[in-house]
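Peer 1: I'd like to ask you about the structure that follows.
The values are calculated or read from the model by the stated rules, or taken from the named source; none is laboratory data. In this text the structure is predicted, and so the values were computed from the model without any measurement. Cβ sites come from the backbone with ideal geometry, for glycine too, and all protein chains shown count toward neighbours.
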Amino acid sequence: MTNMDGSMPGHDPDCLFCRIGKGQINATYVHEDENCFAIRDISPQAPTHILVIPRLHRQNITMVEDKVLLGDLFQTASRIAADEKLENGFRLVVNTGDHGGQSVGHLHIHILGGRPLAWPPG
């Protein structure tokens, strides 16, 4: 089933992350499954900076009521951190809205690690 504009339901044809998820824009994948994919950030803020992105387009975390999906995203982030050997620690960040520093209007979790991270973050 498609939307009136020919796009798939739950996808925004103008969204950077939707386009990456559909293979229209190249990215360095570190994980991919039916619910989400994970890519290396093109402007890393730490030695390891990976984004975990749900396949369904949701503007931000406040637009997701599916607890199973949210749990899956965070479990995936944790597994990726282990695969990346971030045993000394890492940070998971979900930016929401302009004041929260969200630069792409599609929910995503940042995995940051590979060096000591300061607090407060910004």
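Peer 1: Can you list residue pairs whose Cβ atoms sit under 8 Å apart, with the first residue in the stretch 89-104 being under 23 Å from residue 20 (Cα atoms) and the second being of a type in the set (A, V, I, L, M, F, W, C) and assigned to a loop (DSSP other than H, G, I, E, B)? Count only pairs 6 or more apart in sequence or on different chains.
Peer 2: Hits for this filter: 94/107; 104/15.
Peer 1: Identify all residues within the stretch 79-90 that are crowded, with 16+ Cβ neighbours inside 10 Å and not in a loop (DSSP other than H, G, I, E, B); write none if there are none.
Peer 2: 80, 81, 90
Peer 1: Looking at the stretch 39-58, is at least one residue among the acidic types (Asp, Glu) and modelled with pLDDT of 95 or more?
Peer 2: Looking only at the stretch 39-58, we keep the residues that are among the acidic types (Asp, Glu), and these are 41.
So of that shortlist, the ones also modelled with pLDDT of 95 or more come out as 41.
The answer is yes; a qualifying residue exists.
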